[in-house]
Amino acid sequence: MSRQRLNPQTGTAFRLRQGELLTVWDPEGEQVADLFCFEDGNPSGVLSSGRSIDYNDTIFFSKGHFLYSFAGDVMLEIVEDSCGRHDFLVTPCSLQMFRMLAKDDRIEHPSCQHNLEVNLAEFGFDPTHLGTSFNIFMNVEVDNTGRVRVSVPRSKAGDRVVFKAHRDLVVGLTACSDEGTNNGRCKPIEYEIGPKA
Ligand SMILES: [Zn+2]
């Protein structure tokens, strides 16, 4: 498979076989990509932020860390990371969130929540199982009082993260729709599924 492009504020879903590599690039810099996955054939075997934070002893994931399912199985391993800062604390941006920020219940806005739900549903996924996404290149700062703040992504043009699948998975991936998370402008994301290592 050649390198694919996600247009701004869009998403996709695809199968990733055990042993295959998924590379995600930020082609222009300062752009977040939300990732969520479940076990192929087992829609309740879903990615778990809480398990992953617990079992890796960190909230800041990078090369050498593993992303776990709620059942405690390794789903993905981060095998390369040229950026070094990602988020695993917050859920995908949602229409509800945009309406709260705008203080207007009638606005419409694309969202990672919607893009993940729609694309994963094509693989039999129940959207009520969509939890905290692994937010590639998202920069959430945590101060010593516990307050969290979304800051400008640290990713530069061409930065990439490579994941290795430890099980057969269905992966959802977005080019994040939130202008505020992406330093004012939503940009594309690129990805490629590589051969088994
Ligand atoms: Zn988003």
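Considered as a group, the residues in the range 65-104 that are closer than 18 Å to S177 by Cβ and of a type in the set (D, E, K, R) include one that is surrounded by the fewest Cβ atoms within 10 Å (Cβ to Cβ), and that residue is D104. Taking the criterion of being within 15 Å of the ligand (Cβ to nearest atom), under 25 Å from R167 (Cα atoms) and of a type in the set (S, T, Y), the only residue of the range 78-122 that qualifies is T91. Of everything listed in (1) closer than 21 Å to I59 by Cβ; (2) crowded, with 21+ Cβ neighbours inside 10 Å, the single unmet condition for D143 is (2).
Cβ-Cβ distances below 7 Å connect the following pairs, each with a first residue in the range 155-169 that is at pLDDT 95 or above, a second residue that is basic (K, R) and assigned to a loop (DSSP other than H, G, I, E, B), and a separation of six or more residues or different chains: A165/R17; D168/R17. Look at the range 28-42: where a residue is farther than 19 Å from P127 by Cβ and a partner is more than 16 Å from the ligand (Cβ to nearest atom), sitting 6+ places away or on another chain with Cβ atoms under 7 Å, you get E28/A157; G29/K156; G29/A157. Just so you know, in the range 172-197 the residues that are of a type in the set (G, A, S) and either over 20 Å from V140 (Cβ atoms) or touching a residue at least 12 places away in the same chain (Cβ under 8 Å) (or both) include one that is nearest to the ligand (Cβ to nearest atom), and it is S177. Applying the criterion of at least 1 residues that are under 27 Å from N7 (Cα atoms) and small (G, A, S) to the strands (runs of 3 or more DSSP E) found wholly in the range 50-158 leaves 148-151. Taken over the range 123-153, the criterion of being away from the ligand (no atom under 16 Å from the Cβ) and among the polar types (S, T, N, Q) is satisfied by T128, N144, T145. Condition check: within 12 Å of the ligand (Cβ to nearest atom) and either closer than 26 Å to P43 by Cβ or not hydroxyl-bearing (S, T, Y) (or both). Does L169 satisfy that? For L169, the condition - within 12 Å of the ligand (Cβ to nearest atom) and either closer than 26 Å to P43 by Cβ or not hydroxyl-bearing (S, T, Y) (or both) - is not met.
The values are calculated or read from the model by the stated rules, or taken from the named source; none is laboratory data. Just so we're clear, the structure is a prediction, and the values are computed from it rather than from any experiment. No Cβ is skipped: glycine too gets one built from the backbone with ideal geometry, and neighbour counts run over all protein chains shown.
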